[in-house]
Each structure stands twice: as C-alpha cells, then as structure tokens.
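My questions will all concern the structure given below.
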Amino acid sequence: MEVTKEIAEQYLLQMYQIRVFEEQAEKSYMAGKIHGTMHLSIGQEASAVGSVSALGPKDLILSTHRGHGHCIAKGADLKLMMAEFYGKANGYCRGRGGSMHIADVASGNLGANGVVGGGIPMAVGVGLGLKMQNEGKILLSFFGDGAASTGAFHESMTLSVLYQVPVVYVCENNQYAMSFPSNKWTTSEGLASFAACYGMPGKSVDGNDLLAVLEATEEAVEHVRNGNGPALVVCDTYRWRGHSKSDRNRYRSQEEIDAWKEKDPIERFKNHMIEKKTLTIDDIEKIKAQADADIENARLFAESSPDPDVSTLEEGVYAPW
Amino acid sequence: MVREITYLEAVREAMTQEMERDPKVFLIGEDVGLYGGAFQVSYGMLEKFGPERIVDTPITELGIAGAATGAALVGMRPIAEIMFMDFTTLASEQLVNQAAKLRFMFGGRATDPMVLRTPAGSGTGAAEHHSQSFENWFVHVPGLKVVMPTTPYDVKGLLIESIRDDNPVVFIEHKLLYKSKGPVPEEMYTIPLGKADVKRAGRDLTIVATGVMVQRSLAAADQLAQEGIDIEIVDPRTLRPLDTETIIASVKKTGKVLIVHEAVKTGGFGGELAAVIAESEAFGYLEAPILRLAGKEVPIPYNRNLEYHAVPQVENIIEKARELAQLKV
Ligand SMILES: Cc1ncc(C[n+]2csc(CCOP(=O)(O)OP(=O)(O)O)c2C)c(N)n1
Ligand SMILES: [Mg+2]
C-alpha cells in the first residue's frame, strides 16, 4: 500500500500523539494529579490509527475502556481530552466520566466503556439507526479479545447479521483480558472465524502494521458501505503496560514484553516510511516534536482548567441539561 | 491478644479455611488465579489449591454465575467472584431467575448452596461503571440472602457461615474496607445470618448503617459524643434475613433513628428499614421522624470532589445526627 507524504505525516503524528498523551497521563497519575485508574494502549497505536483512518469524517466509532487511541485517531481535541482526565469542568464529559468514559460525540466518538462488551450491543442499535437514516454513514465498533468471550458479543453478532447493519467490528487482540490469555480459549484465527460462524466476512491482521490494518479495514468498510452487512477485522497486537494501574504483571514474562516491544508499531511505520523515502529522519523529528508540543499544551490547559462546581453535582442525570 | 488482620485477609482466610475443610468448596471468577483477583483477595490461593479449585474465567459474568448455580445444584459449594458489583447486572439472570428460585420452584427438592462475592461502593475514582451499590436489588428477591460485612471479624464469621448455608448468598464487600484492620481469631467460627450487631451503644439516638457507612457513623458518633450526644449504632450485617428485633429494640430505647447508606436514597434499603420501624411497636416510641441519609440521585461521577459529595461522609452524618438530636415532634 502506498501513502503520500502528507498522509504518512498524519498517521505518524496521530500515533505519536497517542503515545505521548498516554505517557503524560501516566506521569500525571503518578504525580497524583489524575486519580482513579486508566488503561493504556501504548504498543497498540497502529490498530487505532490504521482502522479509524479507513473511515470518513461523518462515520462513527464506539470505543472501549482502552480507548484513548481510538479517541485521538477520531480527531479529538487533545486539550478537552486531557482536561477530562484531570476531571475538569471543561473536559469532554465535564469531569463526570474520566478516562474510562471518554466520549467526543460531536466528532463521532460515541464513547469508551467501563463494561467489557458494553459497547457491542449498542453497536447493533447504532448500526440499525444508521441504516434507517440511510445517509451512508457507518460505525466502527472496537472491542478486545476478552470482550469476544462475553455473551453480549455473541448476541450482537447474531443480530448484526440478521439486520445487516453497517458496522465494522474491530477486535483488538492484545493477547490478554487482564491476566487471562486469549490463547487459553481461542486463537487469532478463532476470533476471526467467529465472523464466518455468524455469516459475515472476517480477517485477522498484524495489528502492529499500520498499513496492514488500514488495508484490511478499508476492505471491510467497502463491504459494509455497499450495504452488504457487517464485517470483522481482528488486529493482533500487544499492550506494553499493565492492564490498569493495579497490575503486577504476574501472568507474563519480561521476555514476552520485550519481544513485542521489538515490534513497536511506531518504529515499524517510521522505518517503512524512511525505506520508501516517503519521510526523512528530519520530517520524523519534526512530527515527534509537534506531538510533544500538542500534549504539553493539553497538559497546561488541563491543569489550568476549573473543577466542576459541587453545586452542579445532581445536574445532568436527565434531559435537558 | 487476638491477632489483627485486614478485611481483605479475612475474606481470604475464610475461603482458605473452608476450602481446606470441605473439598466441595471452590472459587471461580475473573483473574482470581495468578492475578490474585482485581483486589488481591485470592492472592496465593492458586498456589495452595491449584487451578481445579481456583478457577480463572474469561470475561463471562453470566457464565460464572451459571457455573456456580449449576455446580451448587449437584452438591458443590462454589464461591463465585464478580469483580465489581456493577457487573452483577450481567450475572443477575442466573442468580435472580435461577439460583434464587430453584428450591422453591422444585417444591423444596433442590438445594443451591452458592456464594456470590462482589465488591461494591465508590471512593476509588473508578467512576460510573465501577462504583455502584446494588444491594437492595438483591434484597428484593426471595430466595437470596444478602450479607454486607463491615469489619474483618464479621467478614470471617459471616463468609464461613455463607459458604455453609444451603441457600444462594450474595456477599457484598466494600472496596474501601479491604485494607481496614481488626482482631480476627485464627480458628474457624461462624456468625449467624440474620443477626445484627450493635457496634456502639448509646442513649440519645440510633443510627442504622450499612457497609462503609458503619465506620463513618462510628467516627461521627465519637465526635458527637464530645457535644454530649450519645449515639447507638446498629449494623444489620445481613440485609436479608434482617434482624428486625435488634433494630426495633434500639429505636424503642433511643426514640430516634437515622438510617445511613451509600446506595442512592430512592429505592434504597433505607426505605425498607424505615418501613420496618414504622410498622413495629417502635412507632409509638418515636420522638422524631425517621430520617435517611444516603447516596445522591446521581451515578457516581469521576471527578474526585464530585464523587466525594455523591455519598454520605462523616461530616454529613454529624450534621444530620445533630439535627435529629435536636428535633422534637
Ligand atoms: C463486564 C466486565 N467484566 C469485567 C471487567 C473488568 N475488566 C476491565 S477490562 C478487562 C479485560 C478486558 O479485556 P479485553 O476485552 O481483551 O480488552 P483489553 O483490556 O485487553 O484491552 C476486565 C476483565 C469489566 N470492566 N467489565
Ligand atoms: Mg485484550
């Protein structure tokens, strides 16, 4: 797959933004400025950027608890996103949701989800609605290998095919659901083969290869947009960090983590673009510097933003707000 | 002197001792093995009992509840762990429609001795999907027993009793109490389900509190004692069956009652407690209206400050109890 310089720069910038954003979020958490917990997707940037890049600007996504990458790939304002992590009144969810519920409805991100598999049944409904509205929009619904074991997933696949909804399902198979290895109950091919069981096309790809993800998702998008019903893409990838902030990494070895770090999606894309002479080292340094500056601005914005007023605590439970 | 351990260790010790005593007992849930459970409650138990009895599952709450319900039906004594009470929404079909009703539906010819353990409550910054208190949903289901321990001592005795009980028991732990310490005998003991505990004796008013609100009420009572307000604190410990006797006796003695819980006020267990008191002979002894202090009518928000104010804190209990102490009908 060939990409122009401009497009390559955009992909690389987004991957860097995701990584630097998460590194910053982690630092702010350690410094006690962000509380609760968070699920970092460092190491999985290509699956977020590659898949979302196959969508048009009006298309929608549904995300997961590990959703920072999805949100940034969909074009979120990094300042509003960071402000939400800081629980601030001007964050995307007015400080009510935080990392695990980040949503940017205006730009088509219908939200992360604290419940594993919680977004998949909704995806059916979003798809159904989009189909009824008939404006050519489609949905990309993310979920993890762990979510594929839920009943919610299997009911949703049944309905998706039955109603031929315009939904691309993207399974980010990062090999684990918390400590539970997905290879204990299925394989990457097994995950992809669920598609055939239910009657839709499905494919697994190297999720750390941005262009491979993009190509597979574009194929799925075309199938879906042409009114042929849903499709599934499985991205094989790996999370470098612990599951969340309380993980002690007892279930995997340092060797395994290091081996996957060798397959760093950002390094791979960079090297590929240098090889292809699409980007120079100089271009890449500028892009990285841009991402660093964007995140630093987001941090400054978040830190200087106001907290929600306690008097507003009970607002917003019902419409209108 | 009795040794002190944490609430979390008391859960682990109760499970471990029962598993050593009774080969029918096993633990099933997400990440309960190598990970040790999301809160480290079962840490080390895999090494001790092996993967046949410390059963790791993928993300399958309905499956976990079903596995426990079914295994109990054929005579095992499973302990199912649901990682957060929020996800009992997913386990509820097997628990509420099946486990709770098997005995009755089958004319008393089936027994379903399972325990479903789950941590509830807010205060960890985990936001809307990891902070809820659903105890009253389960209280509403005949056939289930609902236990809510608040001290390490109660945890051990009530959990052992719950495992030995021949009915499905929902055993609700509180995340914020996991690290709290207290005296716990090393040997096994049981505390009957349906027996409240007076956590503090007093004359002026009764607080009936559940979960982490017992500790907050105790702290409030200590402060109010300096103002000369003498508070009695009743911890029901099990919500179903409920020890109405102890609660009614306390209200008759003090003439005033404040009910405190973390769950949202509307439809919460406090309404049931208030009705039980109002319907009883304690009604004639009331010197003021029955008051409730409970969670605000909102999902638990992420922002630290909003989260703090969404549920009763010590200062709110002090204020409300002071108000009640001064109230006269
Ligand atoms: C219904 C439900 N059960 C359990 C959890 C706790 N939990 C949060 S993320 C997670 C693992 C999810 O695995 P996967 O779907 O593979 O996504 P990943 O975390 O690997 O990105 C678990 C068990 C939850 N949030 N929701
Ligand atoms: Mg996973």
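Could you grab me the full set of residues in the stretch B:67-114 that are in a loop (DSSP other than H, G, I, E, B) and either within 13 Å of ligand 1 (Cβ to nearest atom) or in contact with a strand residue (DSSP E or B) (Cβ under 8 Å, 6 or more places away or on another chain) (or both)?
B:MET76, B:ILE82, B:MET83, B:PHE84, B:PRO113, B:MET114
Being under 20 Å from B:LEU177 (Cβ atoms) and in contact with a Phe, Trp or Tyr (Cβ under 9 Å, 6 or more places away or on another chain) narrows it down to one residue among B:THR124, B:THR88; which is it?
B:THR88
Residue by residue, here is whether (1) among the aliphatic types (A, V, I, L, M); (2) closer than 30 Å to B:SER42 by Cα; (3) within 14 Å of ligand 1 (Cβ to nearest atom); (4) within 14 Å of another protein chain (Cβ to nearest Cβ) holds:
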| site | (1), (2), (3), (4) |
| --- | --- |
| A:VAL170 | yes, no, yes, no |
| A:SER182 | no, yes, yes, yes |
| A:THR186 | no, yes, yes, yes |
| A:GLY202 | no, no, no, no |
| A:ALA212 | yes, no, no, no |
| A:GLU218 | no, no, no, no |
| A:ARG225 | no, no, no, no |
| A:LEU232 | yes, no, no, no |
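Same structure, new question: Can you name the residue in the stretch B:168-195 that is in a loop (DSSP other than H, G, I, E, B) and within 20 Å of B:ALA219 (Cβ to Cβ) and, of all such residues, is most open to solvent (accessible area, probe 1.4 Å)?
Checked the stretch B:168-195; the qualifying residue most open to solvent (accessible area, probe 1.4 Å) is B:LYS179.
I need the full set of residues from the stretch A:13-43 which are surrounded by fewer than 18 Cβ atoms within 10 Å (Cβ to Cβ) and assigned to a loop (DSSP other than H, G, I, E, B), in order please.
Correct list: A:ALA31, A:GLY32, A:LYS33.
A further question follows. Quick one: which helices (runs of 4 or more DSSP H) lie wholly within the stretch A:46-162 and hold at least 2 residues that are within 16 Å of ligand 1 (Cβ to nearest atom)?
A:68-73, A:119-133
Related question: For the stretch B:118-126, state whether one or more residues are more than 14 Å from chain A (Cβ to nearest Cβ), within 16 Å of the chain's Cα centre (by Cα) and closer than 22 Å to B:MET76 by Cα.
yes
Within the stretch B:295-329, take every residue that is closer than 16 Å to B:ILE233 by Cα and small (Gly, Ala, Ser) and give me the one that is surrounded by the most Cβ atoms within 10 Å (Cβ to Cβ).
By that ranking, first place goes to B:ALA321.
Just to check your reading of the model, which residue among B:VAL251, B:VAL234 is without any contact (Cβ under 8 Å) to a residue 40 or more places away in the chain, more than 16 Å from B:GLU323 (Cα to Cα) and surrounded by 20 or more Cβ atoms within 10 Å (Cβ to Cβ)?
None of the others qualify; the one that does is B:VAL234.
Is at least one residue of the stretch B:201-221 out of contact with any Cys (no Cβ under 6 Å at 6 or more places or on another chain), of a type in the set (S, T, N, Q), at pLDDT 95 or above and within 20 Å of B:VAL11 (Cα to Cα)?
yes
The values are calculated or read from the model by the stated rules, or taken from the named source; none is laboratory data. The model shown is predicted, which means the values in this text are computed figures rather than measured ones. Virtual Cβ from ideal backbone geometry, glycine too; neighbours counted across all protein chains shown. In case anyone asks, the SASA skips ligands and DNA or RNA and just uses the protein heavy atoms, side chains included. Shrake-Rupley method; radii C 1.70, N 1.55, O 1.52, S 1.80 Å.
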